[in-house]
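J.: Pasting a structure here, questions to come.
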Amino acid sequence: MIKRVHFGPSALPYLLVAPQVIITLVFFIWPASQAIYQSLLVEDAFGLSTEFVWFDNFVELFEDEHYLKAFGRTAFFSFTVAFSSMAFALTLAAMADRVIKGATTYRTLLIWPYAVAPVISGALWVFMFDPTLGIFTYMLGTFGYEWNHKLNGNEAMFLVIIAAAWKQVAYNFLFFLAGMQAIPKSLIEAAAIDGAGPIRRFCTIIFPLISPTTFFLLVINVVYAFFETFGIIDAVTQGGPAKATEILVYKVFNDGFIGLDLGGSAAQSVILMFIVISLTVIQFRYVEKKVEY
């Protein structure tokens, strides 16, 4: 007969969980609640007078042409960064998975860029594409193309996309490589015996089997492009020229800290928070369906 094990009441589990709960309350719940509260107010620049206006800040946002343009610009930027970084990382992972000699060295070199801070990443690309001293600017000049991202909005957007995607390639590479190495080699060998080439094996076996990893990375990269690229944009373009690279997270900073529109910037941060919550819910629903299947 199996004895029933009974543990008496203990404060240890609560003590172990307490640091994480406190951090969540102080650095997420409290700031989020304050942002929601401030989004319902109109305040002066010094916070000396406030007026409760309900949802007027949100109504003004969606009637503001500049905010709607920033919304579309953010969508284009985030999905372009996610697609380009994931596509390049998937290619590198497929190549690294086939390497036999020196595989550890190759993988280590490919992972290194993830340790670079976003601001440093932006600064590196600014130096390389500097209109007067950049090496890539000089190379483009030899082909007769004059690069100047400080005046051309399309070039500025291209530069921040490249900088943001390069920073995220190493993270995507880790997950793609781990997913590929988890595939039983017997499946790949059986397909090779049947006459399937490397490209066909990748398209019909490898990529479908790593689709859960791909969807996970898609959500993570979109969230990364929405929020964690602030440092890159601030270092490269400061949202310019003429707001050509001002995405939503940078517009929150401009309106709140530069324009001192506290209520409007709080409303923008609330919208961003609900976007992230929605993406997280979609991701967990997808994972649950995969587990059930």
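The values are calculated or read from the model by the stated rules, or taken from the named source; none is laboratory data. This is a predicted model, so every value here is computed, not measured. Neighbour counts are summed over all protein chains in view; Cβ atoms, including those assigned to glycine, are modelled from backbone coordinates with ideal geometry. Accessible surface is based on the protein model in full, side chains and every heavy atom, while ligands, DNA and RNA are left aside. Shrake-Rupley method; radii C 1.70, N 1.55, O 1.52, S 1.80 Å.
J.: Condition test on ASN172, is it within 17 Å of GLY122 (Cα to Cα) and either without any contact (Cβ under 8 Å) to a residue 40 or more places away in the chain or in a helix (DSSP H, G or I) (or both)?
T.: Values: within 17 Å of GLY122 (Cα to Cα): no; either without any contact (Cβ under 8 Å) to a residue 40 or more places away in the chain or in a helix (DSSP H, G or I) (or both): yes.
No.
J.: Let me ask you something else. Would you tally the residues in the range 208-219 being free of Cβ contacts under 8 Å to residues at least 24 places away in the same chain and either surrounded by 18 or more Cβ atoms within 10 Å (Cβ to Cβ) or of a type outside the set (S, T, N, Q) (or both)? Spell out how you get there, then give the answer.
T.: The initial filter retains those residues of the range 208-219 that are free of Cβ contacts under 8 Å to residues at least 24 places away in the same chain, namely 208, 211.
Next cut, either surrounded by 18 or more Cβ atoms within 10 Å (Cβ to Cβ) or of a type outside the set (S, T, N, Q) (or both) only: 208.
The qualifying residues number 1.
J.: Now for a separate question. Which one is surrounded by the most Cβ atoms within 10 Å (Cβ to Cβ) among residues in the range 155-187 that are β-branched (Val, Ile, Thr) and touching a helix residue (DSSP H, G or I) at 6+ places or on another chain (Cβ under 6 Å)?
T.: Of the range 155-187, the ones β-branched (Val, Ile, Thr) are 160-162, 169, 183.
Next, only the ones that are touching a helix residue (DSSP H, G or I) at 6+ places or on another chain (Cβ under 6 Å) stay: 160-161, 169, 183.
Working: VAL160: 27, ILE161: 21, VAL169: 22, ILE183: 14.
Checked the range 155-187; the qualifying residue surrounded by the most Cβ atoms within 10 Å (Cβ to Cβ) is VAL160.
J.: What helices (runs of 4 or more DSSP H) lie completely within the range 94-152 and have 2 or more residues being in contact (Cβ under 8 Å) with a residue 60 or more places away in the chain and among the charged types (D, E, K, R)? Quick ask: steps written out before the conclusion?
T.: Details: elements: 103-111, 118-128, 135-142.
The helices (runs of 4 or more DSSP H) meeting that bar number zero.
J.: Separate question: If the Cβ limit is 6 Å and pairs must be 6+ apart or interchain, which residue in the range 30-51 that is over 16 Å from ASP255 (Cα atoms) pairs with which residue that is part of a helix (DSSP H, G or I)?
T.: Correct list of pairs: ILE36/VAL270.
J.: Here's another thing I want to ask about it. Could you tell me how many of the residues in the range 220-235 are open to solvent by less than 50 Å² (accessible area, probe 1.4 Å) and farther than 23 Å from PHE173 by Cβ?
T.: Matching residues across the range 220-235 total 2.
J.: Where residues in the range 189-230 are outside any helix (DSSP H, G or I) and at pLDDT below 85, which of them is nearest to GLU246 (Cα to Cα)?
T.: Of all residues in the range 189-230, those outside any helix (DSSP H, G or I) come to 194-197, 210, 229.
Now drop any that are not at pLDDT below 85, which leaves 194-197.
On the way: ASP194: 52, GLY195: 51, ALA196: 47, GLY197: 45 Å.
Only one residue tops the list, namely GLY197.
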